[in-house]
Amino acid sequence: MSTTTPHVLLFPIPMQGPVNCTLKLAELLCISNISVTVLNTEHIQRNLLLHTNVVSRFSRYTNFRFEAISDGLPEDHPRSAERFMEMFEGMKNVTVPAFRDMMVSGCFSSKSECPVTVIIPDASFSFALDVAEEIGIPLIYFETVSPCALWTYLCLPKLIEAGEVPFNGDDLDVPVKNVPGTEAFLRRRDLPDFYRRDNLTNHTMQIIMKEAQYVPRAHGVIINTFEELDASILVHLRNVCPNTYCIGPLHTLFKSRLSIEPKLEIQDPQSIVSNSLWEENRTCLSWLDKQPPKSVIYVSVGSLAMMTVDQFFEIWHGLVNSGKPFLMVKRPGSIIGDYDDNQVPKVLMDETKKRGFFAEWVPQEEVLAHSAIVGFFTHSGWNSTLESIVEKVPMICLPFYVDQQVNSRFVSEIWKIGIDIKDTNDRVIIEKAVNNLINLKRNDFIKSLNALAKSAAESITKDGSSFMDLNRLINDIKSIS
Ligand code: UDX
């Protein structure tokens, strides 16, 4: 790695969605002659090595390297959503000081062979900006949640000042007034789940408060969206963070940029790109091949969300009662409590044998692109939402945490591409939602999806907004390095 080239350090939060986005951005920077180091936690790095071809894939870039850092937790810690705060504690005690050492006097410092010239960490890593300011190098945050969620974070100080957060009383249908641009449709229940807690001292609220203070101070913020999708939010967000790089949908921008990269000679980038932390079950694709066109409901709650046994059975019953074929991801560890296959009612087993398929993890982008898929029952994670928009698949949204509550409101009320069933746990509601998605509301949803997918496709073409914002990011990295 030459010391004369710009050297970016990418540092994702250790979760599937952000790691996936980071690796895609890393490749895009590598092909633009920027030296890149991805700093993963050791736990993430181990899983990537186990389940993906990242090592061979990245070996084609002489300007790339992986580094790993401890997350401060023992190897056998489950790192589940329920115990996520323990990870932040571990990071605070172990990762943060180790990161500072690396930057100030260690392998990334100005004294090293290849000093880092720009840091691009996850937007929740406020400590990274402290270090960047201490050593005097620029930092650009990478926000992998949706812009609408980021906007609710940035408005948190205002919501607190106005007395809207913490909530006064239990009514979740009260309209929210202090998130500009959303006054007509945002209710308390659509704010990120942690806004529902009744005190502000909990750890998550502290992290979000810090993010609201730190993100505007950075050189800029990279967001995974395209202008046309989020124009109504970006106009407000830019009052606080003027320098935004909107480079989404990142997964399609990535595919199109790599496919035209002459140095790589990639025929089919889709077939070789997996950043999955679990092993993908590809046999689901052969099962999909056997299903009628536009017939299957795909079900996944992403990489983090955890369901109770009861919630899982309600979803399963709802799907079976709808009479439609379904492909359901049951991620290892995604069910809280004692789940036993022997407790499964016979009717569910019998009907699932006829028209269901379970997998622990699937190649989701390929699944959503399959002609047999008619709808997506989703947790409304931001990557899943964008992937569904690109493939024009309408959604049934059952959000769990973080940005998912806000995303699902935008899906149903603003983009009009799906049904939001947040805060319910009922097989009858699920069955009805499936039927509405496929019959009653399908034409309206498809009309909106066609328009959004067209804008998404345009945004990544040579004159498109996301393509140009990526170029601007690359040029800025080179000039500020
Ligand atoms: C988390 C948060 O929950 C989410 O709200 C936030 O936007 C990002 O961090 P996660 O649960 O990982 O996200 O959901 P999502 O953002 O949708 O990302 C999941 C990724 O895993 C997607 O890219 C999806 O394609 C992939 N995936 C999911 C698979 O490849 N296979 C699967 O079986 C399920």
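The values are calculated or read from the model by the stated rules, or taken from the named source; none is laboratory data. Predicted, not measured: the structure shown is a model, and the values here were computed from it. In this analysis, Cβ positions are derived from the backbone assuming ideal geometry, glycine residues included, and neighbour counts consider all displayed protein chains. Ligands, DNA and RNA are stripped out before the accessible areas are found, and what is left, the full protein with its side chains, is counted by its heavy atoms. Shrake-Rupley method; radii C 1.70, N 1.55, O 1.52, S 1.80 Å.
Which semi-axes, in whole Å and largest first, does the equivalent ellipsoid of region 283-456 have when worked out from the alpha carbon gyration tensor as the square roots of 5 times its eigenvalues?
Semi-axis lengths for region 283-456 are 24, 18, 15 Å.
Ordered by packing density, taken as the mean number of other Cβ atoms within 10 Å over each peptide's residues, highest first, how do 94-101, 317-324 rank?
317-324, 94-101
Checking the a/c ratio against 1.5 first, then a/b against b/c, what shape does the Cα gyration tensor give for region 40-155?
Working: a/c = 1.33, a/b = 1.05, b/c = 1.27.
Since a/c stays below 1.5, the shape of region 40-155 is classed as rounded.
Which whole-angstrom value gives the distance between the alpha carbon centres of region 423-481 and region 1-78?
Using only Cα atoms, the two centres lie 26 Å from each other.
Label region 386-462 by shape, choosing from rounded, prolate and oblate, from the square roots a ≥ b ≥ c of the eigenvalues of the Cα gyration tensor; if a/c is under 1.5 it is rounded, and otherwise prolate applies when a/b is larger than b/c, oblate when it is not.
Here region 386-462 falls in the oblate category.
If the only charges are +1 at each Lys and Arg Cβ and -1 at each Asp and Glu Cβ, what is the size of the charge dipole of the chain around the Cα centre, to the nearest 20 debye? Mind showing how you got there, number by number?
Working: 46 positive and 58 negative charges, 223 e Å.
Dipole magnitude for the chain comes out near 1080 debye.
At 222 nm, what helix-only mean residue ellipticity would the chain give, in deg cm²/dmol to the nearest 500, using -39500 (n - 2.57) for each DSSP H run of four or more?
Working: 21 runs with 204 residues, N = 481.
So the calculated ellipticity at 222 nm is -12500 deg cm²/dmol.
Sorted from largest down, what three extents in whole angstroms do the Cα atoms of the chain have along their principal axes?
Largest first, the chain extends 66, 55, 47 Å along its Cα principal axes.
With a 1.4 Å probe and all protein chains left in place, how much accessible area per residue does the chain have, in Å²?
39
Of the heavy-atom accessible surface of region 283-456 (probe 1.4 angstrom), what whole percent is carbon and sulfur?
Heavy-atom surface of region 283-456 belonging to carbon and sulfur, 1.4 Å probe: 51 percent.
State to the nearest 20 debye the size of the charge dipole of region 212-358 about its Cα centre, where the only charges are +1 on K and R beta carbons and -1 on D and E beta carbons.
Charge dipole of region 212-358: 240 debye, to the nearest 20.
In what sequence, largest accessible area first, do GLU75, GLU458, GLU161 appear using a 1.4 Å probe? Spell out each step's value before the answer.
Values: GLU75 135, GLU458 95, GLU161 165 Å².
Ranking GLU75, GLU458, GLU161 by accessible area, largest first, yields GLU161, GLU75, GLU458.
For the residue pair LEU172 and ASN443, what label-to-label distance in nm results when each label sits 7 Å from Cα along the Cα-to-beta-carbon direction?
Spacing of the two 7 Å Cα→Cβ label points: 3.4 nm.
Could you compute the FRET efficiency for GLU279 and ASN342, with r as their C-beta to C-beta distance and R0 at 35 Å, rounded to 0.05?
On the way: r = 25 Å, r/R0 = 0.72.
FRET efficiency, GLU279 to ASN342: 0.90.
Sort out for me the Cα centre separation of region 185-254 from region 374-408, rounded to whole Å.
Using only Cα atoms, the two centres lie 17 Å from each other.
On a straight-distance basis, which lysines could pair with LYS441 in a cross-link, Cα separation under 21 angstrom, same-chain partners fewer than 8 positions away excluded?
Partners within reach: LYS294, LYS324, LYS392, LYS416, LYS422, LYS432, LYS454.
Just the number, please: percent antiparallel of the DSSP beta bridges in region 283-456, rounded to the nearest 5.
In region 283-456, approximately 0 percent of DSSP beta bridges are antiparallel ones.
Using only the Cα atoms of region 253-378, build the gyration tensor, take square roots of its eigenvalues as a ≥ b ≥ c, and label the shape rounded, prolate or oblate: rounded if a/c is under 1.5, else prolate if a/b is larger than b/c, else oblate.
Prolate is the answer for region 253-378, as a/c is 1.5 or above and a/b outweighs b/c.
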